[in-house]
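Chemist: Take this structure, written in structure tokens, and hold onto it; I'll ask about it next.
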């Protein structure tokens, strides 16, 4: 029996490598370093390089060690849950300008913890508020970086 590479790994690896190359090409337009250290292009370039390398490792591993598995049935419940989280993430990005980053982050966290993980609303609210406060303490307060704010100022 001839073994074949996992087609999903090869396709996703190729797509992620292309995305990594795109990130690198776009980030090269920014300064890599500045007078005070890393510039705005530093992290995106290294992120793109890591994406390319790791996606090529995925493709190589799939080709060099092909798997022969019986086709498992598609887990539509798992796929639906993953797509639901992606949709919630997309909605939270769309809400950033209207309700602010911290509020959107708290609502996304609340949804994921309460709805997707099925934890209590009390725990979900605690985690959501803690997550938003943590982001506030690190970015606007400690690093003096501005985040999108909503009408309430956060």
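We did not get these values from a lab; they are worked out from the coordinates using the rules stated. Not measured: the values here are computed from a predicted model. Ideal geometry is used to build each Cβ from the backbone, glycine not excepted, and the neighbour counts take in all protein chains shown.
Chemist: Taking springs between alpha-carbon atoms closer than 10 angstrom, which of 77, 33, 103 fluctuates most in the Gaussian network model of the chain?
Modeler: Largest GNM mean-square fluctuation: 33.
Chemist: Between the helical axis of 42-64 and the dominant principal axis of the chain, each derived from Cα atoms, what acute angle in degrees is found, rounded to the nearest 10?
Modeler: 30
Chemist: Viscosity 0.890 mPa s, temperature 25 °C: Stokes-Einstein D of the range 7-64 from its Kirkwood Cα radius, in µm² per second?
Modeler: 207
Chemist: Report, in whole Å, the centroid distance computed from the Cα atoms of the range 7-70 and the range 84-154.
Modeler: If you average the Cα positions of each part, the centres end up 28 Å apart.
Chemist: Using Cα pairs under 8 angstrom and six or more residues apart, how large is the relative contact order of the range 7-64, in percent?
Modeler: Relative contact order here is 46 percent.
Chemist: Only helical DSSP H runs with n ≥ 4 go in: add -39500 (n - 2.57) per run for the chain, normalise by residue count and round the 222 nm mean residue ellipticity to 500 deg cm²/dmol.
Modeler: Result for the chain, helices only: -21000 deg cm²/dmol.
Chemist: Working from Cα positions, state the angle (0 to 90°, nearest 10) between the long axis of helix 7-27 and the longest principal axis of the chain.
Modeler: 50
Chemist: Among [x] 17.8, 56; [y] 20.4, 64; [z] 15.0, 42, which one is Rg and Dmax of the Cα atoms in Å computed from these coordinates?
Modeler: For Rg and Dmax of the Cα atoms in Å, the calculated option is [y].
Chemist: For the pair residue 147 and residue 28, what calculated FRET efficiency results from E = 1/(1 + (r/R0)^6), where r is the Cβ-Cβ distance and R0 = 35 Å, to the nearest 0.05?
Modeler: Efficiency, rounded to the nearest 0.05: 0.85.
Chemist: What is the extension gain from residue 60 to residue 35, computed as 0.36 nm multiplied by their sequence separation minus the C-alpha to C-alpha distance, in nm to one decimal?
Modeler: 5.1 nm
Chemist: Any idea what angle helix 101-111 forms with the longest principal axis of the chain, computed on alpha-carbon atoms, 0 to 90 degrees, nearest 10?
Modeler: 60
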